[in-house]
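*Asks:* Following this message is one structure expressed as C-alpha cells.
Derivation of every value follows stated rules applied to the coordinates shown; laboratory data play no part. This is a predicted model, so every value here is computed, not measured. For neighbour counting, all protein chains shown are included, and Cβ atoms are generated from backbone atoms with ideal geometry for every residue, glycine included.
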Amino acid sequence: MITKVKVDELVNFLNLEIKRKLEGKLDSAYIVGSYTQGKISLVRPDINWLLVHKNPIQDETRWELGEILTEAIDKFINDFVVRPELRPFKFSYPIKRGEDVFVNVSIVTNASSPDEFKHINNFIPGYVFEGFKSTRSLIFGEDTLKDIDFQVTKKSVHDDAVNKLVSHKIQLDRVPLVYHMKKDTDLIFNESLSHGKNLLYYGVELLMSDEELENKKYIDIFSNSDLIIDFYKNRLPDTLNYVKEIVSSKANFDAWKGNPKKARGLYLTVSAFSKLLFRII
C-alpha cells in the first residue's frame, strides 16, 4: 500500500539529488502541481517538477537526470514502482509490476526576458505554465516564474488546438499496437488514462470564455473531479459519459489497470472523447 510518508520520502530524495547533482546547471528548481497543494491522490500518485536550465540546455543534464531517476527507482523498489512519465508523452516501462508512483520532470530553458522565455519554451502550453506558476514551491535558485505572465486567451487556445489534439490522437491510435494485449494491460490502461486526463483538461480550456480564462477558472476545475464532470455536463453534454469514465478510471486506477475489459473500454472512451473535441475547434 502506498503511503504519504513514503511518497514524501521519494520527493525529498529527488529534491536532494537534483540539488546535489544539477544545482550548478539550473537557475531554478520547482516542485509543482497537486503535491504542493496537499491534494495528491495515493491511488495514482503523480508528482511534478519543473527545472529551469541555464541557456543552453546540455544533453549531459538529461543523462544525469536519468541517473537520478534510476537511483530513485532502485531505492524505492520494495515500496512501489517509480515510473517516470514525461510530457509531451514518453512512457517508461516498469522495472516490475506493482503499485506505481509517477514522476514527471519538465526541463525548460531560461531566457533574458519573459517573452523570450515563453517563445523558446512554447512546447509547454501557457495554461500548463500557469498551473506550474500557481502551485509552485521553489526547491532552490531564483523564482524565475514570478514575473512571467502566462495569460491564456481563447484565441491562443484555439490557435494551438489542432496541433494539440492531433498530437494526442496520433499517440493514442498507437496504444493498442505497441503493447502485448494480454501481458501489458496495465500499460495500455495507464497510457490511455494519461491521454484522457490531459484531453479533459484541454477541453476545459477550449470551452471557456476569455473572461473565465483571464480569471484562471480552469485551475480550480482541474483539481476537482466533481467540477470537471459538472463543467462538461453544462458545456458539452455529449461527452458526459466519456468524462465520467475517465474520471472513474483515475479514481480506481490500481483496481482497474490489470483488467483487460477496463483497458479496452478506457482506450475506446478516450479515443471517442478526442474525436468530439475536434468538433468544437
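*Asks:* Which residue fluctuates most in the GNM of the chain (Cα springs below 10 Å): P56, P84, P114?
*Replies:* Greatest mean-square fluctuation among the candidates belongs to P56.
*Asks:* Amide H to amide H under 5 Å from I139: which residues, 5+ apart in sequence or cross-chain, H placed 1.01 Å off N in plane?
*Replies:* A29, Y30, I31
*Asks:* Here is the link list: K19/K90; K155/K197; K90/K244; K118/K146; K197/K217. Which ones come out longer than 20 Å on Cα distance?
*Replies:* K19/K90; K155/K197; K90/K244
*Asks:* Which residue, H119, H158, H168, tops the fluctuation ranking in a GNM of the chain built on C-alpha contacts under 10 Å?
*Replies:* Answer for the Gaussian network model of the chain: H119.
*Asks:* Students often check this: by mean Cβ neighbours within 10 Å, which of 134-144, 191-201 ranks highest, and how do the rest follow?
*Replies:* 191-201, 134-144
*Asks:* Through the Karplus equation 6.51 cos²θ - 1.76 cosθ + 1.60, θ set to phi - 60°, convert the phi angles of the range 24-29 into ³J(HN,Hα) values in whole Hz; use x for Gly and Pro.
*Replies:* Each residue of the range 24-29 in turn: x, 9, 10, 8, 8, 9 Hz.
*Asks:* Let me ask something else. Please arrange I95, I68 by how many other C-beta atoms lie within 10 Å of their C-beta, fewest to most.
*Replies:* Neighbour counts put them in this order, fewest first: I95, I68.
*Asks:* Non-local amide H neighbours of V81 (under 5 Å, H modeled in plane, Pro and chain starts lacking H): which ones?
*Replies:* E99, D100, V101
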